[in-house]
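The values are calculated or read from the model by the stated rules, or taken from the named source; none is laboratory data. Since we're looking at a predicted model, the values are computed, not measured. Positions of Cβ are backbone-derived with ideal geometry, glycine not excepted, and every protein chain shown enters the neighbour counts. Heavy atoms of the whole protein, side chains included, go into the accessibility calculation; ligands, DNA and RNA do not. Shrake-Rupley method; radii C 1.70, N 1.55, O 1.52, S 1.80 Å.
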Amino acid sequence: MKCSRGYVLSQSKGLEGKRALITGSTSGIGLAIARAMRAEGAEIVLNGFGDADEITALTDELGATHNGANLLDPAAIEAMMAEVGPLDILVNNAGMQHVAPVDEFPTDKWDAIIALNLTAPFHTTRLAVPAMKEKGWGRIINTASAHSLTASPFKSAYNASKHGIAGFTKTVALELAQTGVTANCISPGYVWTPLIEGQIPDTMEARGLSRDEVINDVLLAKQPTKKFVQPDEVGALAVFLCREEAGNVTGANWSIDGGWTAE
């Protein structure tokens, strides 16, 4: 049996019976992770904004539910987690970006990026962990970035948030090390998603470059493979981290960046 986009629902489903919430999953990396986990049999809860008809199509495709909580609001996160109920898998993927010199960086953008990229995962994690500990099994995956390991100019808030989520993940992994619950980061390089496409105009303005120059001389210049990471590749890595074979993998920051952070 096949889902849309060609994912095969095999007879042996490695995540059968597991319930997964993926934040920021109505597009991009999050949607790719949701599709990959659904293909392994997981029950999916989507979170994110978007066109209502498109979200309905996604829930129909994946047999999923959707919660559109605004993750900038801690009260909304608490309400979402209460409505969703106990989870086996939590993927903190929602994120945002803004590009500007630090002395011109809008303070409201700083606050929003830290709130979404770092504070929201704290809230979802603290609320998901008790049920996972009670079950003796759980998987927490945080979408970090190559910018959790290195930095780029004009991205002070994003760099800070992604370095922060890497440290947060290590702490959670250590605290839960004997509970059957793992916590890991996935750190992609440049993935061709709406987030990346959307930051190109800001980078063009900040650096005085053309669109092609931003793509070839700024984005892909970082990745020795000279290829954008594909969302499906990130989805496959997330599935691996949820498998029983990855039960002793915790506190790790998994680079999938075309060799960017190898230099």
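How many residues are within 18 Å of Lys162 (Cα to Cα) and of a type outside the set (D, E, K, R) if we restrict to the stretch 230-257?
Taking the stretch 230-257 as the starting set, the residues that turn out to be within 18 Å of Lys162 (Cα to Cα) are 234, 238, 250-257.
This time we only want the ones that are of a type outside the set (D, E, K, R), so: 234, 238, 250-256.
Total meeting the criteria: 9.
Do we find that Thr179 is among the β-branched types (Val, Ile, Thr), over 14 Å from the mean Cα position of the chain (by Cα), more than 24 Å from Gln230 (Cβ to Cβ) and part of a loop (DSSP other than H, G, I, E, B) in this structure?
yes
Which of (1) open to solvent by less than 10 Å² (accessible area, probe 1.4 Å); (2) part of a helix (DSSP H, G or I) is the odd one out, the single condition Leu116 does not satisfy?
(1)
For every residue, the table says whether it meets (1) touching a strand residue (DSSP E or B) at 6+ places or on another chain (Cβ under 8 Å); (2) in contact (Cβ under 8 Å) with a residue 60 or more places away in the chain; (3) not hydroxyl-bearing (Ser, Thr, Tyr).
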| site | (1), (2), (3) |
| --- | --- |
| Ile89 | yes, yes, yes |
| Ala94 | yes, yes, yes |
| Glu104 | no, no, yes |
| Pro130 | no, no, yes |
| Arg139 | yes, yes, yes |
| Asn142 | yes, no, yes |
| Thr150 | no, yes, no |
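Just one of Ser255, Ser210 is among the polar types (S, T, N, Q), open to solvent by 20 Å² or more (accessible area, probe 1.4 Å) and more than 21 Å from the chain's Cα centre (by Cα); which is it? Give the steps one after another, and end with the answer.
Details: Ser255 fails: more than 21 Å from the chain's Cα centre (by Cα).
Of the residues listed, the single one that is among the polar types (S, T, N, Q), open to solvent by 20 Å² or more (accessible area, probe 1.4 Å) and more than 21 Å from the chain's Cα centre (by Cα) is Ser210.
Of a type outside the set (D, E, K, R), over 23 Å from Lys109 (Cβ atoms) and free of Cβ contacts under 8 Å to residues at least 60 places away in the same chain: is that true of Leu237 in this structure?
yes
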